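Each remark here refers to the structure printed beneath this line.
Every number in this text was worked out from the coordinates using simple rules, so none of it is lab data. No experiment lies behind these values; they were computed from the predicted model shown. Every residue, glycine as well, gets a Cβ built from its backbone with ideal geometry; the counts of neighbours run over all protein chains shown.
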Amino acid sequence: MRLVRCLDKARRYAERLIGSMIKHLKRFLLKEACKLLVLTLRKFPGGNMQTNFRRTFARSIFLWSLAISTVFAGEKITKIPDASNVKKASVALSILGSMTRKQITEQDMLKDNGCSFSTSNPQRISELVEILRTHTAEDPEGVKKISLRNMVYLDLTDGSRVKFFFGQPESKSNNVFGTMNTGKSDSYVALRTNTTLVNELRDWASKLTAPRIPPHLACLTKAPVYETNN
């Protein structure tokens, strides 16, 4: 437990340090780009004015592009909350591979089509956050239509809720697609994961002794893992 806390503290420190570095870099790049942009609007004393203008203008455009890309790069980072900021964690699981007449929704997962598990235990919360961090990454191809079978809620100490929605493994594949909603807007972050996450969510849920809805063994049945050629 002490080791988990130390690692969590080290991770938070590294995130703050990287965030501070990006913030100062953005300020520096924008400042330098503004300086060069002002120079392009002035006359250059001596030499080839046209050549100087082109060089300075090109440098200005380069710095502006770098600054803008840095800003947006920082915004695209998927932020999974620290375990210390989570007061309650909930997981809803449905039967993998099941066929339904209509698309399963978030509300369906919380009622008839899902088995729900919740905990406020710091150790269990830390384990769940580590599963999400280890096995999820942003999908550059964007949000895909998923057959919802796995859902995670992280209720934070500030009153907000982060939601994760995952489908089931693609046919004869270990690929699993999903989305993340930080609760701050209606925009979703596309996620890509694998069968390991789906199965580890079931291992995590099986450790809880007091689920909100009595679990069915079918909900905890794991997905087959296919061999991949490296």
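Brief remarks follow.
- Each label was represented as a point 7 Å from its Cα along the Cα-to-Cβ direction; for Tyr188 and Ser206 these points are 2.9 nm apart.
- Remark: the Lys79-Thr100 segment gains 4.3 nm on full extension, using 0.36 nm per residue and subtracting the alpha carbon distance.
- In this structure, the residue pairs whose Cα-Cα separation is over 23 Å, taken from Lys88/Lys111; Lys87/Lys163; Lys145/Lys172; Lys102/Lys145; Lys87/Lys145, are Lys87/Lys145.
- When each of the peptides 111-118, 198-205, 89-96, 158-165 is scored by how many other beta carbons lie within 10 Å of its residues on average, the order from highest to lowest is 89-96, 198-205, 111-118, 158-165.
- Estimated FRET transfer efficiency (Gln107, Val143; beta-carbon r; R0 22 Å; 0.05): 0.65
- Using C-alpha pairs below 8 Å separated by at least 6 residues, the relative contact order for segment 83-220 is 29 percent.
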